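Trainee: Can you keep this structure in mind? I'll have questions shortly.
The values are calculated or read from the model by the stated rules, or taken from the named source; none is laboratory data. Note that the coordinates shown come from a computational prediction; the quantities given were computed from them, not determined experimentally. Ideal geometry is used to build each Cβ from the backbone, glycine not excepted, and the neighbour counts take in all protein chains shown. Side chains are part of the model used for accessible areas, which takes the heavy atoms of the whole protein and leaves out ligands, DNA and RNA. Shrake-Rupley method; radii C 1.70, N 1.55, O 1.52, S 1.80 Å.
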Amino acid sequence: MTFQHTAFAAYARDEEAFLRGTGRYVDDVSLPGEAHGVVLRSPHAHARIREIATERAKAAPGVLAVLTAADLAGEVRPLGCVMPLVSWNGRPRAEADRPVLAGDKVRHVGEGVAFVVAETIAAAADAAALIEVAYDPLPAVTAPDAASRVAVWDHAPDNLCFDWRFGDSDACARQFAAAAHVARIRLVLPRLAPTPIEPRAALATHDPADGTFTLLANTQGVHFVRRVLAKAFGLPPEKLRVVTPHVGGGFGSKIFAYPEQALVLAAARTTGRPVRWTSTRAEAFLSDTQARDHRTEAELALDADGRFLAIRVQIAADLGSSLSQYAPLTATGVGAPVQGGAYRFQAIEIAVRGAFTNTTPVDAYRGAGRPEATYVLERLIDRAAADLGVDPAELRARNLPDAQEATFAAVTGLEIGGGRFLDNQRRCLDAADRAGFPARRAESAARGRLRGFGFANYLESNGGLAVAQMIEPDKLPVEAARLSFGPDGTLDIVVGIQSTGQDHAAPLAHHAAATFGLALANVSVREGDSALLARGGGTGGSRSLLTSSRSLEQAVTDVIERGRRALSVHWGVPPETVAFDAGVFRVAGTNQGMAVAEIAAEMPGVLDGESHGILTHGSCANGCHACEVEIDPETGQVEIVAYTAVDDFGTVQNPAAVRGQVQGSVAQGLGEALMECLARDPDGGQPLSASLLDYALPRARDVPSVRWTDNGLRSRTNVFGAKACAEAGASAAPPAAMNAIADALAAFPAARDLQMPARPPDIWRVIHGR
């Protein structure tokens, strides 16, 4: 039994489907005879498994199969981490692939120990409750910088996965020795849950005739998920087809292959039936990859004139109980290039110790390393300004380049293709009326409120270059596109990127229609099926428009070349005399010509083909965000009274969509700053915020409408002139908000140690000295 792929029939119809409530998600697809799976999960953060008794569950009504690690042994391997990493001493990182089901030991609350398949989900859940697991609880490791009482993995007795270094330690030491002032700060970045509105879901089939599998799942990239799962099953990739329909948000968490996807595939082969699994919200809090969770100490060296000399950052990164597929890179190579921002530093040194704990695995979440780096940098600069008694805007202005088009290198070696930089800061502070802030502060004080103003500059590095080169150091990111022209003037574009609600297809369809002289309504864009393209990068890291523009640009070049060759034969002229412009091929110096639509009708298939575009340069979006807060000292409640953003996203293709991306990423950044935190018992590792009753997400009343200004400088790295936009707010909002809160609480010494999330009880204690 196979799926009929749900095509994305035309670029605009996704938005219409979402507005009309006709989007088609994994749970909207049903197959005849499908069975339902339920995962039995560990209640312990750390325990040895002595025995799993499944007999009663297997005999329960409607049960088709009960799978444990013993049943999968030799059939399915753990899900491998694809990111190699070498510590400063030359030692490779520790191996800790994610088990599909726990075997001898469970390593976090919620880790799967058995998978029950039954005729109905209720029957599967009832049978799962009959499984008896004998555990021997062990002490739990709950923090990456805690003294290890017990090893999460026996081959990593100190729980250290890697000790990674970046930069020039000797140059950094010289700059610090010569510094007139050194500012220091200690920061905690809380653990976060990505929490997309649509939980993860999967539906699998197996064809015993040829041994092929099909997986319908809400992923952010069908080709990557196929690659990881095929390796786990020991299959050639072509034996596994992965299909993704509409996706209700991902924010990074749906990039990865998960144990439950492997389980439905294995169960489909075992039962001979389609098998479905859909996560509950409670399961999502226990099994979806989580994010951030850093403890950081940072230092900034300045000369007597307030010029930045060097920055030194030491990070203890919590990786969770095993390595998710990108985890080592998320904690190191993604954030490091932007750790110095666009500021003029002379030296930088970064040290990251990644450690295993008895918690859910950690990986990429909106920004994936860049928000962590930006938060440390911008909070540290404000600390230096406070220590020196200098205006934080003036201190930044001394060290930030003005707008410039020329490419230059950051202290990290990142090639920055121009930007607005200081101009962004000036425009943002003007738009936020910083000059009028003292009057607003006085008005708040008259009402018994504390008012603060904060801002932050940010620099992005997008395009997936770090990810691609970490996996294959000698290769650059490659994206695919297949173009097929119909005899009726239609064009079908298949791309390897995937939308999770961003409307990636619109600029591609517009560009193709204009280039080939076709009606926009006749251009469709499809995505999300590994059978349609040989490769695809999916979406993540704000790279989709960059990589898809390269693949489409290459596809256009290839179509023109195919057309020139075909028409040179058709007309009997040399290929070099055939020119192309505005959708028409012509013989130079004559009136002889054919439009693309005519060629497709008269010579079917001659223009069609798959093209691969190589991304040689990413983009460096940049900007400045300002936040103004008011605090009630009686309750500690923070109100965001104004938020202003000035962003250089290059040439903006769709202002409404970009504005939405800014608003959404700011909302998630403010959530991190003010309320979101996956709390856990520090002794036993039990989650204390494993539902939406306990994990606070920002609501509409918590997030003001962002006053957004487009200050774009066209990018030279892609045909659209665009820079990435989706993660800017996630980088800028946390430091902007926390700097504003620190400004409001400047009279209280304890405010120097206030950490995210800055919740009302924490702020109340700062104010009242408790």
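Trainee: For residue 58 and residue 391, FRET efficiency with R0 = 60 Å and r from the beta-carbon atoms, rounded to 0.05?
Mentor: Working: r = 71 Å, r/R0 = 1.18.
About 0.25, to the nearest 0.05.
Trainee: Express the accessible area of region 477-614 per residue in Å², computed with a 1.4 Å probe while the remaining protein chains stay in the model. Mind showing how you got there, number by number?
Mentor: Details: 5110 Å² over 138 residues.
Per residue, region 477-614 has 37 Å² of solvent-accessible surface.
Trainee: Still on this structure, please answer the following. Quick one: of the DSSP bridges fully inside region 477-614, what percent are antiparallel, nearest 5?
Mentor: Values: 18 of 22 bridges.
Among the beta bridges of region 477-614, antiparallel pairing accounts for roughly 80 percent.
Trainee: If each DSSP helix of 4+ residues adds -39,500 (n - 2.57) and the sum is divided by the residues in the chain, what number results at 222 nm, nearest 500 deg cm²/dmol? Present the calculation step by step, with values, prior to reporting the outcome.
Mentor: Numbers: 20 runs with 217 residues, N = 770.
Computed ellipticity for the chain at 222 nm equals -8500 deg cm²/dmol.
Trainee: Turning to a different aspect of this structure: For region 559-614 and region 86-145, what is the separation of their Cα centres, given in Å?
Mentor: Each part reduced to its Cα centre gives a spacing of 58 Å.
Trainee: Still on this structure: How large a share of the accessible area of the chain, in percent, is made up of carbon and sulfur atoms when the probe is 1.4 Å and the other protein chains stay in place?
Mentor: Result for the chain: 52 percent of the exposed heavy-atom area is carbon or sulfur.
Trainee: Rank-order 598-605, 627-634, 529-536 by packing density, defined as the average count of other C-beta atoms within 10 Å over each peptide's residues, highest first.
Mentor: Numbers: 598-605: 16.1, 627-634: 22.6, 529-536: 20.6.
In decreasing order of mean packing, 598-605, 627-634, 529-536 become 627-634, 529-536, 598-605.
Trainee: Where does each of 181, 612, 617 land when they are ordered by accessible area, with a 1.4 Å probe and the largest first? Walk me through the numbers on the way to the answer.
Mentor: Numbers: 181 50, 612 80, 617 110 Å².
Largest accessible area first, the residues go 617, 612, 181.
Trainee: Something else about it: For residue 58, go through the aspartates and glutamates and keep the ones whose alpha-carbon is under 14 Å away, minus same-chain ones fewer than eight residues off.
Mentor: Correct list for residue 58: 71, 119, 126, 132.
Trainee: Here's a follow-up. Where does each of 700-706, 559-565, 346-352, 323-329 land if you order them by average Cβ count within 10 Å, highest first? Before the final figure, lay out the partial values.
Mentor: Working: 700-706: 14.6, 559-565: 18.7, 346-352: 21.9, 323-329: 26.9.
My ranking of the peptides, most packed first, is 323-329, 346-352, 559-565, 700-706.
Trainee: Per residue, how many Å² of accessible area does region 107-242 show with a 1.4 Å probe?
Mentor: Working: 5300 Å² over 136 residues.
Ligands and nucleic acids excluded, the figure is 39 Å² per residue.
Trainee: If you don't mind, there's one more thing I want to ask. Out of the trypsin sites (Lys or Arg not before Pro) in region 715-765, which ones are loop residues according to DSSP with at most 15 other C-beta atoms within 10 Å?
Mentor: Details: sites: 716, 723, 752, 765; in loops: 716, 723.
For trypsin sites (Lys or Arg not before Pro) across region 715-765 that sit outside H, G, I, E and B with at most 15 neighbouring Cβ atoms in 10 Å, the list reads 716.
Trainee: Another one. Of all trypsin sites (Lys or Arg not before Pro) in region 149-196, which ones are in loop regions per DSSP and have a Cβ with at most 11 other Cβ atoms within 10 Å? Working shown, then result.
Mentor: Numbers: sites: 149, 165, 174, 184, 186, 191; in loops: 149.
The qualifying sites are 149.
Trainee: On to the next question. What net charge is computed for the residues neighbouring residue 367, neighbours being all others with C-beta under 12 Å from the C-beta of residue 367, Lys and Arg scored +1, Asp and Glu -1? Don't jump to the answer; show the numbers that get you there.
Mentor: Working: positive: 292, 366, 370; negative: 372, 460, 672, 727.
Neighbour charge sum, excluding residue 367 itself: -1.
Trainee: Hey, another quick one. Over region 284-438, what is the percentage of antiparallel beta bridges among all DSSP beta bridges, to the nearest 5? Can you show the working numbers first?
Mentor: Working: 12 of 23 bridges.
Bridges in region 284-438 that DSSP calls antiparallel: roughly 50 percent.
Trainee: Still on this structure, please answer the following. About the Cα centre of region 477-614, how large is the charge dipole given +1 on each Lys and Arg Cβ and -1 on each Asp and Glu Cβ? Please answer in debye to the nearest 20. Each step should come with its number before you reach the end.
Mentor: Numbers: 9 positive and 15 negative charges, 46 e Å.
For region 477-614, the charge dipole is close to 220 debye.
Trainee: Please name whichever of 673, 32, 524 sits farthest to the positive end of the charge dipole of the chain, dipole taken about the Cα centre and charges placed at Cβ: Lys and Arg +1, Asp and Glu -1.
Mentor: Sorting the options by dipole projection puts first 673.
Trainee: Another question about this same structure. Excluding residues fewer than 8 places away in the same chain, name every one of the lysines whose C-alpha is closer than 18 Å to that of residue 231.
Mentor: 239
Trainee: Any chance you could check the Cα centroid distance between region 282-353 and region 679-694 for me, in angstrom?
Mentor: Distance between centres, Cα-based: 25 Å.
Trainee: Sticking with this one: Note down the net charge around residue 658, summing +1 for each Lys or Arg and -1 for each Asp or Glu among other residues with Cβ under 15 Å from its Cβ. Before the final figure, lay out each step's value.
Mentor: Numbers: positive: 659, 707, 714, 723; negative: 15, 460, 503, 647, 648, 710, 727.
It works out to a net charge of -3.
Trainee: Another question, then. Using packing as a proxy for protection, rank 587-597, 93-103, 381-391 so that the peptide with the highest average count of other Cβ atoms within 10 Å comes first. All intermediate terms of the calculation are to be shown ahead of the outcome.
Mentor: Details: 587-597: 14.8, 93-103: 21.6, 381-391: 17.3.
Top to bottom by mean Cβ count within 10 Å: 93-103, 381-391, 587-597.
Trainee: Among 54, 644, 172, which residue has its Cα positioned farthest towards the positive end of the charge dipole of the chain, with +1 placed on the Cβ of Lys and Arg, -1 on the Cβ of Asp and Glu, and the dipole taken about the Cα centre?
Mentor: Value: 172.
Trainee: For the chain, what is the charge dipole size about the Cα centre, in debye to the nearest 20, if Lys and Arg each add +1 at the Cβ and Asp and Glu each add -1 at the Cβ? Mind showing how you got there, number by number?
Mentor: Details: 74 positive and 88 negative charges, 123 e Å.
Once rounded to the nearest 20, the dipole reads 600 debye.
Trainee: Which percentage, to the nearest 5, of the DSSP beta bridges contained in the chain is antiparallel? List each step's numbers first, then the result.
Mentor: On the way: 103 of 129 bridges.
Around 80 percent of the beta bridges assigned by DSSP in the chain are antiparallel ones.
Trainee: Starting from the Cα of residue 723, draw a straight line to each of the lysines and keep only those under 28 Å, dropping any in the same chain fewer than 8 residues away.
Mentor: Hits, sequence-local ones excluded: 254, 475.
Trainee: Let me ask something else. Sort 239, 58 by accessible area with a 1.4 Å probe, largest first. If you can, show how the numbers build up before the last one.
Mentor: Numbers: 239 65, 58 110 Å².
From most accessible down to least: 58, 239.
Trainee: How far apart, in nm, are two points set 7 Å out from the Cα along the Cα-to-Cβ line at residue 119 and at residue 565?
Mentor: So the label points at residue 119 and residue 565 sit 5.9 nm apart.
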